[in-house]
Amino acid sequence: MKLQIDGQDHDLGDLDPRTTLLDALRERLGLMGTKKGCDHGQCGACTVLVNGRRINSCLALAVMHEGDAITTVAGLEADDGTPSALQEAFMEHDAFQCGYCTAGQLCSATSLLREVKRGEPSVLTPMGAELSLSELSDDEIRERMSGNLCRCGAYANIVAAVRQAAEAES
Amino acid sequence: MRPFEYVRAATVEDAVTGGDRFIAGGTNLVDLMKHGIERPERLVDVTRLELASIEEADGGGLRIGSQVTNSALANDARVRERYPVLSKALLSGATQQLRNKASTGGNFLQRTRCYYFYDTARRCNKREPGSGCDALDGFNRIHAILGASEHCIATHPSDMAVAMVALDAELLTRKSDGSTRRVKAEALHQLPGDTPHHEHVLEPGELITHVDLPPLPDGARHVYRKARDRASYAFALVSVAVVLVTDGDAITEARVALGGVAPKPWRAHRAEAALKGARVDRDVFRRAAEAELEDARGHGDNDFKIPLATRLIASALAEAAGLDAGDDR
Ligand SMILES: Cc1cc2nc3c(=O)[nH]c(=O)nc-3n(C[C@H](O)[C@H](O)[C@H](O)COP(=O)(O)OP(=O)(O)OC[C@H]3O[C@@H](n4cnc5c(N)ncnc54)[C@H](O)[C@@H]3O)c2cc1C
Ligand code: SF4
Ligand code: FES
Ligand code: FES
C-alpha cells in the first residue's frame, strides 16, 4: 500500500484498512503537519487536499486513497521553501494564536481560492452570479471557511488574511 | 473500530457480488464505525465505479451517478439552472470539505444525528432494538415532530434528500442477483413504527447506481430555506424545499418538502393539497403550512419546531411566489 504525499511516494506496507488518512500521516509516517482535533469531521483541523480538493482526513480511510495526490500543509510552500502568498498573509495578519487549527485553515483556504477561481458557488452565491477573487465578500469567506473551527477565535484575522491572498491572486 | 475486510470494486457487477455493505465518501460510515455503532465485516469501496457523471436523460431530465460528490452536484451548471433548489440544499449542508467527499448515494443513506443513538452508554431502539429510547424523556431539541413513534423520535438529517423528494427524484438500484429497480426518493425511507432499526427499503447489498431527476414544468420557482443554531456547519432544525408554479394569480403546482422534522425527508402533501388551485396569497400560504403541522407533536425541548416549521413553510412559499425577498440563506 502506497500513498503519494506532497509529491513523494511513501510505502505503508500492509496497512490495516481501519487506518484513517490522518492516522496514516501522523502515526505511521510521522508527518505531524496535519493536526487531529475532533477526529469526527466536526472541526477541520485535519483538512488536507486530495487531487486538489479539500477533505477531512479523519473521516477518510487511507486505503481508499492509494493513487491519489495528497497535499498537506507541508506541501503548500514553493519547492525552495518560499511560503505561499496565503501563508505570508496569515503571518502578516497574525491569523492565529496557538496555531493548532492553522494547518487546516491554510489547506482549506488554499482550496477556497481555487474554488472561487473555478467559479464554484457557496450557498451565499446568487444563482447565475459571476464570482471574482477580488470581490469576494467577508460573508462569502466566512461561509466558505466554516468547516474550520478556531478555539482561539482568530476568525477576524483569518478572514483578513484570506481576503488579502484573494486580492493578491486576482 | 472493529476489524473489517476491504475490497475496491472495479465494476458495478463486482460491487454487488463483492459484499453487502458499501462505502462511498465514508463521512458518515467511518464516523459511526469509530463509535462502534456500525460494525461491517466487509466493506466494498464503490468510489472508483464509473458512476461519477451527470448526464442528460431522455425527456429533459438529468441522470446523476451515485458517486457524484455533493459539491460536484451542487456546482453543476445544469443543476444550478434547472434544479436550483437542489444546489441550494446541498450547499446548505455540512462544509466544503465534507461535500467534496460525500456522495449522492451516501447522502440519502446517512443516519440520524440523535445524541442517544451516538452514545452507546444510552438506550436506543434504533441501535439496539428493544432497549428503549432515551430521547423521549431526554434532550430532544433536535428530534421529530411528524411521523415519529413511541419507539423512536429521531430525524433524518439530510438537506439534499429534502430537495430530491420535492423534485420527485427516483433512485435506480442494482441487487446482487443483477436485477435492477426504481425507488421513488419519497418511498426510500420508512417511518419508525415499532422497528426504528429498519430505516429504508433497500436490501443488504442493493447498490444505488443513479438518481433520476424528471423535468419540471416551465417557470417553476425554487426555494430552499434552512433554520439552524448557527449560520453554517449545522444540521437543520427545520428546512423547507419549495417548487412553485403559478399562472398569474393562481397556483398550478406546489411541491413542498421538509427536513429536520421527521424520520424521513417529509413531503408535505397536506400543504400541497391546500395550495393546488389556490390563489397566491400570504393567508393561503399560512393556512397550508398550518394544515401540514396539524398532527405535529412536540416532546418538550422541540416544541418550538411546530411554530418554526409553520412560519418557515409560509415564508418559503411567499419567497417562491415573489412576495418576499427572502434572506437568501
Ligand atoms: C460534522 C458533519 C456535519 C454534517 N452536516 C450536514 C448537514 O448540515 N446536512 C446534511 O445533509 N448532511 C450533513 N452531514 C452529513 C453528510 O452529508 C453525510 O455524511 C454524507 O452525505 C454521506 O455520504 P457518504 O458518501 O460519505 O456516505 P458513506 O458514509 O460512505 O455511507 C453512508 C451510508 O450509505 C451507504 N451507501 C453509500 N453509498 C451507497 C450506494 N451507492 N448504494 C447503497 N448504499 C450506499 C453506506 O453503506 C452507509 O451505510 C454532515 C456530516 C458531518 C460529519
Ligand atoms: S430517538 Fe431513535 S435514535 Fe434516538 S435514542 Fe430514541 S430510538 Fe434511538
Ligand atoms: S480532526 Fe478531522 S474534522 Fe476534526
Ligand atoms: S489559533 Fe488556536 S485554535 Fe485556531
If the chain between residue B:276 and residue B:120 were fully extended at 0.36 nm per residue, the gain over the current Cα-Cα distance would be 51.6 nm
Under the definition of Cα pairs under 8 Å and six or more residues apart, what whole-number percent is the relative contact order of chain B? 17
Proximal charge balance of residue B:42 [Cβ under 10 Å; K/R count +1, D/E count -1]: -2
Give me the angle, in degrees from 0 to 90, between the Cα long axis of helix A:155-169 and the longest principal axis of the Cα atoms of chain A, rounded to the nearest 10. 80
Provide the packing ranking of B:107-115, B:202-210, B:33-41, i.e. peptides ordered by the mean count of other C-beta atoms within 10 Å per residue, highest first. B:107-115, B:202-210, B:33-41
Please compute, for peptide A:117-126, the average count of beta-carbon atoms on other protein chains lying within 10 Å of each residue's beta-carbon. 5
Simple Cβ-charge dipole of the range B:170-244, Lys/Arg +1 and Asp/Glu -1, about Cα centre, in debye nearest 20: 380
Net charge contributed by nearby residues that have their C-beta within less than 9 Å of residue A:50 (K/R +1, D/E -1): +2
Lysines near residue B:34 by alpha-carbon distance under 17 Å, same-chain residues fewer than 8 away left out - which ones? A:36
If each DSSP helix of 4+ residues adds -39,500 (n - 2.57) and the sum is divided by the residues in chain B, what number results at 222 nm, nearest 500 deg cm²/dmol? -7500 deg cm²/dmol
Please compute, for peptide A:41-51, the average count of beta-carbon atoms on other protein chains lying within 10 Å of each residue's beta-carbon. 3
Cα principal axis extents for the range A:33-133, largest first, Å: 37, 35, 28
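Based on the Kirkwood radius over alpha-carbon pairs, what value in µm²/s does the Stokes-Einstein equation return for the translational diffusion coefficient of the range A:85-169 at 4 °C and 1.567 mPa s?
101
Taking 0.36 nm per residue of separation and subtracting the Cα-Cα distance, what length does fully extending residue B:41 through residue B:195 add?
Full extension of this stretch gives 53.1 nm more.
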Compare the peptides A:55-61, A:149-155 by average per-residue count of other Cβ atoms within 10 angstrom and give them in order, highest first. A:55-61, A:149-155
Among A:45, A:57, A:75, flag the residue with its Cα farthest along the positive direction of the charge dipole of the range A:2-75, charges on Cβ as +1 for Lys/Arg and -1 for Asp/Glu. A:45
Taking a spot 7 Å from the Cα of residue A:118 along the direction of its beta carbon, which residues of the range B:34-73 have an amide N less than 20 Å from it? B:47-56, B:64-73
Would you mind working out the magnitude of the charge dipole of the range A:2-75 relative to its Cα centre, with +1 at each Lys and Arg C-beta and -1 at each Asp and Glu C-beta, to the nearest 20 Debye? 340
Over chain B, with a single point scatterer placed on each C-alpha, what log10 of the ratio I(q)/I(0) does the Debye formula yield at q = 0.10, 0.16 1/Å? -0.56, -1.42
In peptide B:24-33, what is the residue-averaged number of other protein chain Cβ atoms found within 10 Å of each Cβ? 4
Estimated inter-spin distance, residue B:287 and residue A:14, nm [label 7 Å along Cα→Cβ]: 7.2
Treating only the Cβ atoms of Lys and Arg (+1) and Asp and Glu (-1) as charged, compute the dipole magnitude of chain B about its Cα centre; round to the nearest 20 debye. 680
Could you work out how much longer the chain between residue B:7 and residue B:175 gets when fully extended? Use 0.36 nm per residue separation minus the Cα distance between them, nm to one decimal. 58.7 nm
Starting from the Cα of residue B:182, step 7 Å along the direction of its Cβ; do the same at residue A:27; then give the gap between the two resulting points in nm. 4.7
Could you tell me the relative contact order of chain A? Use alpha-carbon pairs under 8 Å, at least six residues apart, and round to a whole percent. 23
So what is the diffusion coefficient of the range A:2-75 in µm² per second by Stokes-Einstein at 4 °C and 1.567 mPa s, using a Kirkwood Rh over Cα pairs? 109
Under a Cβ-Cβ cut-off of 12 Å, what is the net charge of the residues other than residue B:131 that fall near it, where Lys and Arg count +1 and Asp and Glu count -1? +2
Suppose each label sits 7 Å from its Cα in the direction of the beta carbon; what would the residue A:167-residue B:294 distance come out to in nanometres? 5.8
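Here, each number is a calculation from the coordinates, and none is a lab measurement. Everything numeric here is computed off the predicted structure, so don't read it as measured data. Positions of Cβ are backbone-derived with ideal geometry, glycine not excepted, and every protein chain shown enters the neighbour counts.
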